[in-house]
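Report on one structure; see the data block that follows.
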There are 2 protein chains.
Amino acid sequence: MSGSEEGEEAVPDDVSDDVSADVPWLDVREMRAWLRLVAVLELLPGTLDAQLRRDAAMTHFDYMVVSQLSEAPGRTLRMTALAQRTNATLPRLSHVVRRLEERGLVERAPSPEDRRATDARLTDAGLAAVVDAAPGHVRAVREHVVDALSSEQVEQLAEIAEALLRRLDPDGRMTDLYDPA
Amino acid sequence: MSGSEEGEEAVPDDVSDDVSADVPWLDVREMRAWLRLVAVLELLPGTLDAQLRRDAAMTHFDYMVVSQLSEAPGRTLRMTALAQRTNATLPRLSHVVRRLEERGLVERAPSPEDRRATDARLTDAGLAAVVDAAPGHVRAVREHVVDALSSEQVEQLAEIAEALLRRLDPDGRMTDLYDPA
DNA sequence: CGCTGTTAGTTGTAGGTACAAGCATCGTTC
DNA sequence: GAACGATGCTTGTACCTACAACTAACAGCG
């Protein structure tokens, strides 16, 4: 797994139990990758948000919500399903959908099948908003991500991200791991 | 969505305003990589924050701040330098450092050289907090990221992230691109 | 039925971040 | 040496998210 080519301090990690068990520090390569990833985590979301807020008056998360709805049959999804497709918790989604409803982009109705459930449906205005926002967003994604990478790197990124998601969400409760085939 | 392989600019749009110029949609591979990256962007920060808040009563960003200070000569850095090392804007850093100062982890003093500038210095309590928080944090980073990847993937990740950062921050105003050598 | 536990969603609140001013200080120019 | 813009940082406000209750409805079981 981790390449130990050079001077790594071999710490005797015979610790008994708890959280304070010795953890091998990151070596130079790992540290470099990690610090750069952190920088991306810090900068990329803000960049995407800024573009969408400026050009379409919505958050990147808002965009994911309406975008997912626009691709769903009947432009409708149950809150739980929508939460999974957007990697969100239910409370967060609930707040966001309420705001989108206040803006007239989404409608909510109790599901006929299960009276606990709520169906969120994209309105015509909501669909128009997605159609309007999509080109600028795709452009931003290309500029800042896809076009910055070689086609091999795009493939590598897909696999790396998948490996991370398996750890972040082992049961796939949130993520779909989206594999369009 | 987006099956077409080539054939861009099929539409005679002829817009003078370049914002709405046609952008080629993402193909299946690109889309898969992108959606997975988005999921990571959504889940990883929260995971890191949760661990640090639970075990050390601080945000991941707080940790970066105190961690950077702990490695600086004299445990002191000018606000601007600290902002660059943490990929943060100055307003954000200002708020955070104020809170850290209220908790006694950091001290602020006007710089002797430039009376506009502020030097942030890690206190003894602050250093203790870093030392305390580090093992658990490193463990989390290993669990959720480093150990999820092969050593080739770690290397690939470093290069991919670097490529992205060049686009996200072309002038390196924020990121250092940290290359310990 | 009534009890228990799980699932689906909402809401309240506390806390962090972005954006936009604002206020000093410095440097340079004329 | 006064004026002008640039730099370094702070503050105020608005918004978004996380976490923790809380309600309502289903499902199984005696």
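The values are calculated or read from the model by the stated rules, or taken from the named source; none is laboratory data. Small disclaimer: the values here were computed from a predicted structure and weren't measured. No Cβ is skipped: glycine too gets one built from the backbone with ideal geometry, and neighbour counts run over all protein chains shown. Please note that ligands, DNA and RNA were not included when accessible areas were found on the heavy atoms of the full protein model with its side chains. Shrake-Rupley method; radii C 1.70, N 1.55, O 1.52, S 1.80 Å.
Of the residues B:142, B:166, which single one is open to solvent by 10 Å² or more (accessible area, probe 1.4 Å) and within 29 Å of residue A:22 (Cα to Cα)?
B:142
Quick check on this structure: which one of B:138, B:131 is within 20 Å of residue B:51 (Cα to Cα), under 18 Å from the mean Cα position of the chain (by Cα) and either β-branched (Val, Ile, Thr) or facing chain A (nearest Cβ under 7 Å) (or both)?
So the residue among B:138, B:131 that is within 20 Å of residue B:51 (Cα to Cα), under 18 Å from the mean Cα position of the chain (by Cα) and either β-branched (Val, Ile, Thr) or facing chain A (nearest Cβ under 7 Å) (or both) is B:138.
Restricting attention to segment A:49-70, report how many residues are of a type in the set (A, V, I, L, M, F, W, C), open to solvent by 30 Å² or more (accessible area, probe 1.4 Å) and at negative phi.
1
If residue A:111 satisfies all but one of (1) in contact (Cβ under 8 Å) with a residue 24 or more places away in the chain; (2) surrounded by 16 or more Cβ atoms within 10 Å (Cβ to Cβ), what's the number of the condition it fails?
(2)
Between a first residue in segment A:146-159 that is more than 7 Å from chain B (Cβ to nearest Cβ) and a second residue that is in a helix (DSSP H, G or I) and of a type in the set (Asp, Glu), which pairs have beta carbons less than 9 Å apart while being 6 or more apart in sequence or on different chains?
These pairs meet every condition: A:151/B:30.
In segment B:91-108, which residues are within 14 Å of chain A (Cβ to nearest Cβ), within 8 Å of DNA strand C (Cβ to nearest atom) and either charged (D, E, K, R) or surrounded by 12 or more Cβ atoms within 10 Å (Cβ to Cβ) (or both)?
B:92, B:96
Could you please give the count of residues in segment A:71-84 that are surrounded by fewer than 17 Cβ atoms within 10 Å (Cβ to Cβ) and touching a residue at least 60 places away in the same chain (Cβ under 8 Å)?
Number of matching residues: 0.
Between A:154, A:96, A:145, which is under 18 Å from residue A:61 (Cβ atoms), under 20 Å from the mean Cα position of the chain (by Cα) and more than 10 Å from DNA strand D (Cβ to nearest atom)?
Residue meeting the stated conditions: A:145.
Sort out which residues of segment A:26-48 are within 16 Å of DNA strand C (Cβ to nearest atom), more than 7 Å from every other protein chain (Cβ to nearest Cβ) and either surrounded by 22 or more Cβ atoms within 10 Å (Cβ to Cβ) or over 15 Å from residue A:143 (Cβ atoms) (or both), and write them in order of number.
Hit for segment A:26-48 is A:38, nothing else.
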